[in-house]
Structure formats: structure tokens, C-alpha cells
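Input: a single structure, listed below in C-alpha cells.
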Amino acid sequence: MTTTQHDAYLAEELENFQEIAQALKPASGGVPELDGVDICSASMALNGVIGGDHLIYLDFKTRYDLKRRIREAEEKGRKEVAENLRRLEHRAGILVADVSGHRVTDALIAAMLHQAFLLGAYYELDRFGEITTKLFEHINQRFFKTTNINKYLTMLYGEISEEGRFRFISAGHQPPMIFSREFGSFVHISDEQMVTFPPVGIFPSNADPDETVDAGQLGFKARYTVNEIDLLAAGDVLLLYTDGLSEHGEGKYFPAEVESCIADGVDLPASEICSHLRENLIAYDKPQDDVSFVVIKKTLPATISSA
């Protein structure tokens with residue numbers, strides 16, 4: 001095989017692998033619809049259409065048959081499970097993940113997380129009627145045992161309620177930001193509400209009773225803590241994002257330019273805020289990493305939004 005033939009063969013194989021990776025990386029799922037909450041997102045892969053960022057939506061009332069689950073739980077006398085399921089009728093789950101790197105192969109790691117999370121979610125709802133920290137402790141353990149320590153991922157999973165309360169766990173991920181419509185700027189969130197843990201797959205979990213885990217020199221990963229951000233006021237915007245946004249423009253773009261962009265369109269729907277932020281980001285500088293962000297807006301009463 002000549003050098004030219006070899007190069008052509010490698011190019012064909014790379015194209016084939018990209019097509020396979022694109023097919024394997026699943027969709028995020030339908031954007032949740034909640035009364036009083038408007039959600040939209042944007043994701044830009046650095047190298048083509050796939051990369052290391054990934055979003056997963058859980059619109060509980062459409063992805064799962066909650067009414068049937070509630071009925072079956074009540075018939076079995078599992079009142080706590082039934083009550084947890086009822087709360088999910090007024091919540092939506094959002095997972096934001098960022099695999100270290102932005103190559104096509106990193107999309108496969110994101111696909112692994114996607115399948116592990118959604119499969120685990122079924123069992124969580126069966127057992128508890130809600131998503132618990134135990135699911136993420138098990139996911140961390142699986143990634144610790146099956147991926148190289150140099151290939152890790154950060155992750156944030158949160159649930160937004162119709163009232164505007166956000167509960168989340170973080171594994172080394174970028175902290176959520178709240179833009180206050182009243183003050184026209186990002187507001188400080190206390191450290192107690194922003195507890196995070198090492199990225200997924202770096203430390204072993206000590207939550208699996210079926211395994212004897214060697215902690216090694218670095219020790220175990222602590223149990224996850226659920227953070228809770230107080231109710232969003234009408235018109236406020238909660239921003240979730242990957243480090244492609246926070247490090248954009250050599251770190252000069254975030255948070256000032258993002259804050260200004262949201263301020264200019266704070267009374268617009270989440271979809272338009274997303275579009276403006278995407279256009280502003282590209283105009284500011286060429287991205288050097290995968291960029292993903294989710295805009296969660298507590299909607300204004302009709303009398304205010306139409307003013």
C-alpha cells in the first residue's frame with residue numbers, strides 16, 4: 001500500500017468512525033415543559049457535530065407513566081414512593097456533562113453516561129419514586145472501574161420545580177449562575193449551596209455493598225450532597241454551562257459578557273436568550289472547546305411580559 005493509499009484509507013476509516021459515533025451518541029430528549037418555567041439550551045461541538053459535552057432532559061410526566069406508577073405504589077402500600085412520584089409531576093431533571101477533551105471518541109464516553117443514567121433512573125423510580133444520590137455513586141464507581149483515570153468527566157444533575165426551586169448535585173462541574181431580573185446582574189450564591197465533588201471516575205465510591213473497594217492512596221469519594229438554590233423570582237434566569245463557556249475568550253468572556261448579554265434580553269423567552277448568547281459568543285471569539293449551556297427562566301406573569 002502506497003502512502004497515498006494509506007492516507008486515503010485512514011481518512012475513510014475516520015469518516016466511518018465519525019458516522020458511527022454520531023449514531024451512538026443519543027439525543028438529549030425532549031425539552032421539559034413546566035408551568036411557570038421556560039427552558040432552552042445550545043450545544044456547539046468544537047470538531048463537527050459531536051464532542052465531549054452532553055445534555056440529558058427528564059420531563060418526568062412525559063418520559064414516564066407517573067400516574068400508573070403512583071397507582072401501583074399506592075396499591076402496594078408504598079405511600080412514600082407514591083408521594084415522591086407526585087412531586088415529579090411538577091419537576092424536570094437536567095443533566096449537564098463534560099468529558100475531558102473534545103474529540104470524537106469523547107462522545108462515546110458521553111454515550112456511556114447517557115445509557116447508565118437513564119437505565120439507573122428507571123430503577124430509582126421503581127425503588128424510591130425519585131432520583132437519589134445513590135444512582136450517581138454507582139455511576140461513579142462504574143466509570144472508575146472501566147475508564148482510564150486520564151479520561152474523566154464533570155457532571156451536574158439538577159431538578160427544577162414549577163415554583164422555581166433548583167436542587168442539584170455536582171461532580172467537579174461549573175457552578176450554576178443566577179441572573180436576577182430585579183438587579184440586572186448575576187447574584188452571589190453562598191458556598192453552602194454550591195458543594196461539589198471530584199469529577200466522575202477519579203475516586204472509587206464506597207456505596208456498593210456487593211463490592212470490596214480498595215480506596216488506594218487517595219481514599220474514597222464522599223457521598224454526594226444535594227444543594228438547593230432558593231426560589232427564583234419571576235424573570236430570573238438560571239444558567240447551567242460547561243467550561244467551554246466559562247473559559248471562552250481565554251477566560252475574558254465570562255461572566256461579564258454573558259451577564260451583559262442576558263441583561264439585554266432578560267424579558268425575552270429562553271429560546272431567544274439562548275440564540276442571542278450563542279451569537280454573541282461566536283462574535284466575541286472563535287470557540288476553543290465544546291460549548292454547552294442551558295437557560296432556565298422563571299416566567300413573568302402575562303401582564304408584566306407584555307408591558
Identify, by number, the condition in (1) surrounded by fewer than 18 Cβ atoms within 10 Å (Cβ to Cβ); (2) in contact with a helix residue (DSSP H, G or I) (Cβ under 6 Å, 6 or more places away or on another chain) that residue 85 doesn't meet.
-> (1)
Of the residues in the stretch 138-170, those that are in a helix (DSSP H, G or I), buried (at least 18 other Cβ atoms within 10 Å of the Cβ) and touching a residue at least 60 places away in the same chain (Cβ under 8 Å) come to 139, 140, 141, 144
Among (1) within 30 Å of residue 142 (Cα to Cα); (2) assigned to a loop (DSSP other than H, G, I, E, B), which single condition is residue 77 missing?
-> (1)
Matching residues in the stretch 48-68 - criterion: being modelled with pLDDT of 95 or more, more than 21 Å from residue 160 (Cα to Cα) and either of a type in the set (Gly, Ala, Ser) or in contact with a helix residue (DSSP H, G or I) (Cβ under 7 Å, 6 or more places away or on another chain) (or both) = none
Scan of the stretch 171-206 for residues that are out of contact with any Asp or Glu (no Cβ under 8 Å at 6 or more places or on another chain), in a strand (DSSP E or B) and closer than 19 Å to residue 39 by Cβ, ordered by number | 177
Answer yes or no: is there a residue in the stretch 133-147 that is closer than 24 Å to residue 290 by Cα, within 18 Å of the chain's Cα centre (by Cα) and modelled with pLDDT under 85.
-> no
Going through (1) at pLDDT 90 or above; (2) on the phi < 0 side of the Ramachandran plot; (3) not in a helix (DSSP H, G or I) one by one, residue 122 fails only at (3)
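The values are calculated or read from the model by the stated rules, or taken from the named source; none is laboratory data. Predicted model only: the values in this text are computed from it and were never measured. All Cβ positions, glycine included, derive from the backbone under ideal geometry; neighbour counts span all protein chains shown.
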